[in-house]
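Worksheet: the structure to be examined is printed underneath.
The values are calculated or read from the model by the stated rules, or taken from the named source; none is laboratory data. Nothing here was measured: the structure is a model prediction, and the numbers come from that model. Heads up, the Cβs are rebuilt from the backbone with ideal geometry, glycines too, and the neighbour counts pull from every protein chain shown.
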């Protein structure tokens with residue numbers, strides 16, 4: 001699995017409330033509408049500016065706070081193919097994989113907003129094409145890569161014959 005896109009950089013301790021502010025939570029039954037408000041307070045206009053396949057770069061503890069599964073869903077619906085961060089809040093990390101959003105733990109120092117990135121998920125390599133940087137990370141376990149390749153846990157289970 002190779003993902004390519006521009007970098008959108010965020011710092012440490014990005015919470016689920018910053019990903020999708022609580023004042024928009026009434027839209028949770030309309031996820032496409034909710035996705036229009038992703039990062040509304042910390043990156044106004046993000047939904048209009050992000051392109052299909054772009055990659056979020058985070059610092060430490062990305063996704064902390066309440067266990068809103070809507071947070072990784074709206075990131076994915078905004079066209080983002082992956083979140084690469086130094087570390088993740090445990091529940092956000094698991095929710096991201098479950099909804100089919102790649103969540104990669106990697107040193108992201110030196111990657112700046114707008115850099116063109118290539119994320120080789122199976123090989124454990126993040127390439128910053130703008131700067132010629134290569135960053136290695138531990139590849140995800142095979143089962144997690146399979147879940148991602150199917151678009152998320154529900155689709156993976158359906159393919160395996162687990163839902164009838």
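Here are the numbers for the structure shown:
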{"read-out": "Residue match in the range 71-84 (condition: touching a residue at least 60 places away in the same chain (Cβ under 8 Å), under 12 Å from residue 57 (Cα atoms), in contact with a strand residue (DSSP E or B) (Cβ under 7 Å, 6 or more places away or on another chain) and not in a strand (DSSP E or B))", "value": "yes"}
{"read-out": "Qualifying residues in the range 30-42 (those that are surrounded by 15 or more Cβ atoms within 10 Å (Cβ to Cβ) and in a helix (DSSP H, G or I)) - the one farthest from the chain's Cα centre (by Cα)", "value": "34"}
{"read-out": "Qualifying residue in the range 112-122 (condition: farther than 25 Å from residue 27 by Cα, in contact (Cβ under 8 Å) with a residue 60 or more places away in the chain and touching a helix residue (DSSP H, G or I) at 6+ places or on another chain (Cβ under 7 Å))", "value": "yes"}
{"read-out": "Members of the range 105-122 that are surrounded by fewer than 23 Cβ atoms within 10 Å (Cβ to Cβ) and outside any loop (DSSP other than H, G, I, E, B)", "value": "105, 116, 118, 120"}
{"read-out": "All positions within the range 43-66 that are at pLDDT below 95, touching a helix residue (DSSP H, G or I) at 6+ places or on another chain (Cβ under 8 Å) and assigned to a loop (DSSP other than H, G, I, E, B)", "value": "65, 66"}
{"read-out": "Search result, residues across the range 12-29 that are at pLDDT 95 or above and assigned to a loop (DSSP other than H, G, I, E, B)", "value": "12, 13, 14"}
{"read-out": "Per-region count, the range 20-42, residues under 14 Å from residue 73 (Cβ atoms) and out of contact with any helix residue (DSSP H, G or I) (no Cβ under 8 Å at 6 or more places or on another chain)", "value": "2"}
